[in-house]
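See below for the structure under consideration.
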Amino acid sequence: MKKVLIIEDEKLVRNLISKKLSEKGFVVEIAENGKKGFQKIKETEPDLILLDIIMPEMNGFEVLEKMQEENIEVPVVIVSNSGQPVEIDKAKEYGVRDWIVKTKFDLQEVIEKTVAQIGKPQK
Amino acid sequence: MNNNKTQEKRITEEMKDLEEFKRYAQELTDFLPIAFCVVNPFDLILEANKFFGEISGYGIIDSVGLNIKELFLEKREIEDFIEIIRRTDEKKEKELTLLSSSEEAIPVEIFALAKRNEDGDFTGYFLAIVDITERRKLSERLKTELEKKEEELKKKTEQMDDSRLALLNILEDVDENYKKTKRERAKTLAIIENFVDGMLFFDPEDRLTIINPKAEKLFGIDSEKVVGKKIKELYEIDQFSELLEFIEDKEKEENLSQVFREELQIGDNYFEITTTEVEEENESWGVLVHVHDVTREKRIERIKSEFVSVAAHQLRTPLSGIKWTLETFLEETVEEKEKLTEDEVDLIKKAYDANERMVNLINDLLNVSRIEEGRYIYEPQIVNIFDVIDPIVKNYKEGIEKKDNVEFKLNKVKKNFPAVKVDTEKISIVIQNLLDNAIKYTDKGEIVLSISMKGEDELKISVQDDGIGIPEEQQERLFNKFFRAGNVVRKDVEGSGLGLFISKNIVEAHGGEMGFESTEGVGSLFYFTLPTKKGDDEDFMRNF
């Protein structure tokens, strides 16, 4: 069972992605901010992290920084509202796999991009 | 007898001598051009010469026996005169008026001298008369001349007085002007001193001659320490070096370059610098450096930009949730998990579209704010223009099929075009914008996207439609931010009025230009150009 961790402060977005991924057969873990998210990474050892950037407590980049510090090598896909080239370049330096601008993509496409990163869930 | 005879003969000879002398005296007196007479103590004329007779008009004979006083007009004065003669042995003279026998009044000067016998008794007097008519005339003339001269002199004096007055007035004016100039100078100085911006003035020898208090404050410098120094010397003063580095013309040594509202950061402060060459009749008076402190504006700008970013983020966050929620609804309807009526589905679709427009509007606003702050970042790559156009066209064709009566055509003049260096995403925004506008405002007809060459090194991309067009009087405002044409607003088609503003900025950042031709009710043609890749890469990139 492939495990996906969603670190996202917006409840509606978090629930929508979570619902979709669950329907697809993924195990979904959720966290409502960066700080809790980082704890969940260590606790749940997910196969993929969907990470928001602008969040309270600890933002997405701080999470990436922490992961790098502690040598946690879990694939990350950024799901954010912004998408400035500088930000994307910065994220690439952390080895981020993909950057999804929420408003540019349908939910369906988000799911497809997630699947593309870790392959179909084993049923 | 002989003695008698001799005596007689001697007397006769003496008589003869006397006669001879008398004749001589007579001739002499007659010859002298002076009227002359001898008067006895009773003022009666005893003898008169020829001229006397002539001047008095009485002749020699008739003159004798006349009372001398009767001959003069001024009776009193002649009496007084004769009285003086009686009492003195000196010759006296006086001017009087002689009345001739024909009652002519002749101006004369009379001279008189008393005669006395051996005992000193008064025996009468000699009196000479000189006609002074000519002299009088002369003196009259002289007097007139003199008066004339006096008059002239007076006039001259008056004129001189006038001139003097005029001169005084001029001097007064000069003084007034001087005071005025002084006042103006004081005013100008007061303006410079109290000017809210910093001002520095360099003379043609690049010497700092003026620094106003604001500039002293901005640079933390005392004017006394810098005024009169040359640019080279000023470089040694820390606070100045950055400014001088900024305004000095690197190519021409010791020369200030032309700078217009360029930004200079010194420490935490931001300045807008403008240099102005001050000229009067082609002669340079020096260079004025104007230093405008924009630190506060910069801070506000940053706060505003942060605000826009945060606001846009906050606005976008729920929109993505709404977008995906509506999408889920529609999907589940298709998958028949939810039983919704056709009307309900239609409503959800409309809500979805409205949400999309909202997302676009916020993106536009963000882009505008980035363009204005110079933070709109370009990531150019060398591409074939069709790499940019094809994906847009593919989507567009699908969209246009929903609209009856409108046909889309892609018109490639050639198969291959030179590569262009563009930020694909940004140029896509431009093309998408033009195509979106075309479909929005065209109810019936054709929309043609053309790609051609403009000259040898420019690509031209144009979108032509048979839409409502742009009213002529509003055309010049078309690229303004938030501008929407009158006929468009009436048609009530959604739009932010930001698309063309953003597009034009993108095109210009790529070194191209954007334009249009339009006739209201007939259609519009929008086009933009892009420089094609040619020469070395660096040169090609200079526009970014």
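Here are the numbers for the structure shown:
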{"quantity": "The one condition in (1) assigned to a helix (DSSP H, G or I); (2) out of contact with any Leu (no Cβ under 6 Å at 6 or more places or on another chain); (3) away from chain B (no Cβ under 14 Å) that A:Ile30 fails to fulfil", "calculated": "(1)"}
{"quantity": "Single condition A:Glu69 does not satisfy, out of (1) closer than 15 Å to A:Leu50 by Cβ; (2) without any contact (Cβ under 8 Å) to a residue 40 or more places away in the chain; (3) away from chain B (no Cβ under 14 Å)", "calculated": "(1)"}
{"quantity": "Whichever residue in the range A:24-45 is touching a Lys or Arg at 6+ places or on another chain (Cβ under 6 Å) and surrounded by fewer than 16 Cβ atoms within 10 Å (Cβ to Cβ) and, among such residues, is modelled with the highest pLDDT", "calculated": "A:Val27"}
{"quantity": "Only listed residue being without any contact (Cβ under 8 Å) to a residue 12 or more places away in the chain, assigned to a helix (DSSP H, G or I) and over 30 Å from A:Asn59 (Cα atoms), chosen from B:Leu347, B:Leu330", "calculated": "B:Leu347"}
{"quantity": "Helices (runs of 4 or more DSSP H) fully within the range B:438-544 counting 2 or more residues that are at pLDDT 85 or above", "calculated": "B:499-509"}
{"quantity": "Counted residues, the range B:287-319 - those being over 30 Å from B:Gly198 (Cα atoms) and either within 14 Å of chain A (Cβ to nearest Cβ) or buried (at least 16 other Cβ atoms within 10 Å of the Cβ) (or both)", "calculated": "12"}
{"quantity": "Every pair of residues 6+ apart whose Cβ atoms lie under 6 Å, when the first sits in the range A:100-115 and is more than 10 Å from chain B (Cβ to nearest Cβ) while the second is not in a helix (DSSP H, G or I) and not aliphatic (A, V, I, L, M)", "calculated": "A:Lys113/A:Asp98"}
{"quantity": "Test: A:Glu57 is open to solvent by 30 Å² or more (accessible area, probe 1.4 Å), within 29 Å of B:Val359 (Cα to Cα) and modelled with pLDDT of 90 or more", "calculated": "no"}
{"quantity": "Unmet criterion (only one of (1) within 14 Å of chain B (Cβ to nearest Cβ); (2) more than 23 Å from B:Val310 (Cα to Cα); (3) touching a residue at least 40 places away in the same chain (Cβ under 8 Å)) for A:Gly25", "calculated": "(1)"}
{"quantity": "Exclusive hit being hydrophobic (A, V, I, L, M, F, W, C), buried (at least 19 other Cβ atoms within 10 Å of the Cβ) and not in a helix (DSSP H, G or I), set A:Leu64, A:Leu50, A:Leu16, A:Leu21", "calculated": "A:Leu50"}
{"quantity": "Filter result for B:Glu172 (modelled with pLDDT under 90 and within 23 Å of B:Thr276 (Cβ to Cβ))", "calculated": "no"}
{"quantity": "Looking only at the range B:331-351, and only at residues there that are open to solvent by less than 40 Å² (accessible area, probe 1.4 Å) and more than 9 Å from chain A (Cβ to nearest Cβ), the one that is nearest to B:Phe501 (Cα to Cα)", "calculated": "B:Ile348"}
{"quantity": "Residue list for the range A:82-94, filter: more than 13 Å from the chain's Cα centre (by Cα) and either within 13 Å of chain B (Cβ to nearest Cβ) or in contact (Cβ under 8 Å) with a residue 24 or more places away in the chain (or both)", "calculated": "A:Ser82, A:Gly83, A:Gln84, A:Pro85, A:Val86, A:Glu87, A:Ile88, A:Asp89, A:Lys90, A:Lys92, A:Tyr94"}
{"quantity": "Any hit, the range B:435-444, residues being free of Cβ contacts under 8 Å to residues at least 12 places away in the same chain and not polar (S, T, N, Q)", "calculated": "no"}
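Yes/no per residue for (1) part of a helix (DSSP H, G or I); (2) modelled with pLDDT under 85:
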residue: B:Asn355; (1), (2): yes, no
residue: B:Leu361; (1), (2): yes, yes
residue: B:Glu372; (1), (2): yes, yes
residue: B:Val393; (1), (2): yes, no
residue: B:Gly399; (1), (2): yes, yes
residue: B:Asp404; (1), (2): no, yes
residue: B:Lys426; (1), (2): yes, no
residue: B:Asp436; (1), (2): yes, no
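The values are calculated or read from the model by the stated rules, or taken from the named source; none is laboratory data. Just so we're clear, the structure is a prediction, and the values are computed from it rather than from any experiment. Methodologically, a virtual Cβ is constructed for each residue, glycine included, from the backbone with ideal geometry; neighbour enumeration extends over all protein chains shown. Areas reflect the complete protein model, heavy atoms only, side chains present, ligands, DNA and RNA absent. Shrake-Rupley method; radii C 1.70, N 1.55, O 1.52, S 1.80 Å.
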